[in-house]
Amino acid sequence: PGSLTIAEDLIEQAGFHPYERILCGNMANGARWETYVIRGPRGSGAIELNGAVAHLGRVGDRLTIMAFAEVDAAEAEGWQPRVLVLDRDNRVVRSTGG
């Protein structure tokens, strides 16, 4: 399998947890896979494909990284997903929700 290294500050901003299961999509080639989050150095901007999933992308590919929440009906009506949009250096340029 593999994993996805994400800089610790980005993990926190996205609301992810180390070892949390995530779904990734590569916008460059359409590849899609499930994996888990591991911590990278804070402030490094690291988003790195590890192990076998490293064959599913290249440096510079744009990824969509998703985690899912289960909420009850009362919470669902007002619930908003947290969305981070990053630039080419993996710095947050826009953040919504959460």
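Can you name every residue in segment 36-47 that is surrounded by 12 or more Cβ atoms within 10 Å (Cβ to Cβ), touching a helix residue (DSSP H, G or I) at 6+ places or on another chain (Cβ under 9 Å) and not β-branched (Val, Ile, Thr)?
Those that are surrounded by 12 or more Cβ atoms within 10 Å (Cβ to Cβ), touching a helix residue (DSSP H, G or I) at 6+ places or on another chain (Cβ under 9 Å) and not β-branched (Val, Ile, Thr): Arg39, Gly40, Arg42, Ser44, Gly45, Ala46.
Scan (1) in contact with a Leu (Cβ under 9 Å, 6 or more places away or on another chain); (2) touching a residue at least 40 places away in the same chain (Cβ under 8 Å); (3) assigned to a loop (DSSP other than H, G, I, E, B) for the single condition Ser95 breaks and write down its number.
(3)
Considering only residues that are touching a helix residue (DSSP H, G or I) at 6+ places or on another chain (Cβ under 8 Å) and either among the hydrophobic types (A, V, I, L, M, F, W, C) or surrounded by 13 or more Cβ atoms within 10 Å (Cβ to Cβ) (or both), look in segment 23-35 and name the one that is farthest from Thr5 (Cα to Cα).
Ala31
Return the residues of segment 48-90 that are of a type in the set (D, E, K, R), over 16 Å from Gly2 (Cα atoms) and surrounded by 11 or more Cβ atoms within 10 Å (Cβ to Cβ); say none if nothing qualifies.
The answer is Asp61, Arg62, Arg82.
Kindly list the number of the only condition in (1) more than 18 Å from Val83 (Cβ to Cβ); (2) in contact with a Leu (Cβ under 7 Å, 6 or more places away or on another chain) that fails for Ala14.
(1)
Pro1 versus (1) closer than 19 Å to Phe68 by Cα; (2) exposed (fewer than 12 other Cβ atoms within 10 Å of the Cβ): which is the lone unmet condition?
So the condition that Pro1 fails would be (1).
So, of the residues in segment 21-69 that are in contact (Cβ under 8 Å) with a residue 40 or more places away in the chain and outside any strand (DSSP E or B), which turns out to be farthest from Gly98 (Cα to Cα)?
Looking at the filtered set, the residue picked out is Ala52.
Taken together, the values in this text are just the output of simple stated rules run on the coordinates, not laboratory data. Note that the structure is predicted; figures quoted are calculated from it, not measured. FYI the Cβ positions are ideal-geometry reconstructions off the backbone, even for glycines, and counts take in every protein chain you see.
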